[in-house]
Amino acid sequence: MKNIILQQNSQLEQNLIALHTGNESAKKWFIQNVQEILESSTMTPYSKCDAIAEVFGSIDSKLQYLKEQQTLLATLRKQLELAKTSAKEEVSNALLSYGVTSLKGLTVSSISATKPSNKTVAKLEILNKDELLKLGYFKVVLDEKAVEEALLSADKRPEVENYADMKMETISKKATIRINKRKTSMQDDQIAA
């Protein structure tokens with residue numbers, strides 16, 4: 001599909017688009033264009049209607065085109081983010097397979113590789129929500145943070161341990177790289193600007 005946004009617009013359409021500024025002059029020019037069409041002695045009533053409607057049809061086409069482009073851009077963005085994440089993991093694995101954890105550069109300070117890791121975190125599991133609510137562990141709904149704090153405190157644990165428990169959960173983190181930019185590069189760019 002060709003870029004309809006860059007197509008030449010009629011004067012009426014240009015003035016219609018200028019209405020977004022809220023400028024009184026833009027409003028005046030648009031109204032003047034519409035009045036010229038309505039007062040034209042060379043146009044039939046049908047062609048007057050078509051000329052005005054054509055501008056709105058053109059705007060609708062542009063809006064539809066922009067909507068389609070936004071969808072395409074969102075898809076492309078997701079693809080690029082996924083590719084970047086996957087590439088970082090693969091580069092990290094490649095560097096680590098050679099026993100390299102940091103690779104120095106000229107335009108960037110370095111690329112640091114991290115090994116895959118697992119992290120264990122505590123995750124609250126509610127066993128009897130109603131009993132915990134009766135014991136006062138709620139805001140408007142069950143206050144899971146207060147229950148978690150009670151489970152972790154020595155004096156309140158017996159009160160809630162029959163109704164809630166803490167389970168250990170393993171969270172896997174994939175290997176990745178971090179690109180460390182040189183500070184001098186940024187300073188050079190600022191000086192050049």
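Okay, here's what the table says:
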quantity	calculated
Matching option when the condition is more than 30 Å from Glu161 (Cα to Cα) and either surrounded by fewer than 15 Cβ atoms within 10 Å (Cβ to Cβ) or among the small types (Gly, Ala, Ser) (or both), among Thr114, Thr85, Thr120	Thr85
Filter result for Ser47 (assigned to a helix (DSSP H, G or I), modelled with pLDDT under 95, more than 26 Å from the chain's Cα centre (by Cα) and among the small types (Gly, Ala, Ser))	yes
Of residues in the range 106-156 being farther than 30 Å from Ser172 by Cα and among the acidic types (Asp, Glu), the one nearest to the chain's Cα centre (by Cα)	Asp130
Qualifying residue in the range 64-72 (condition: touching a residue at least 60 places away in the same chain (Cβ under 8 Å) and either among the hydroxyl-bearing types (Ser, Thr, Tyr) or touching a Ser or Thr at 6+ places or on another chain (Cβ under 9 Å) (or both))	yes
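Yes or no, residue by residue, for (1) of a type outside the set (S, T, N, Q); (2) closer than 30 Å to Ser10 by Cβ:
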residue: Gly57; (1), (2): yes, yes
residue: Leu66; (1), (2): yes, yes
residue: Leu80; (1), (2): yes, no
residue: Ala83; (1), (2): yes, no
residue: Glu89; (1), (2): yes, no
residue: Tyr98; (1), (2): yes, no
residue: Ser110; (1), (2): no, no
residue: Ser117; (1), (2): no, no
residue: Glu131; (1), (2): yes, no
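The values are calculated or read from the model by the stated rules, or taken from the named source; none is laboratory data. Keep in mind that this is a model prediction, so the values were computed, not measured. Please note: Cβ atoms are built from the backbone with ideal geometry, for glycine as well, and neighbour counts cover all protein chains shown.
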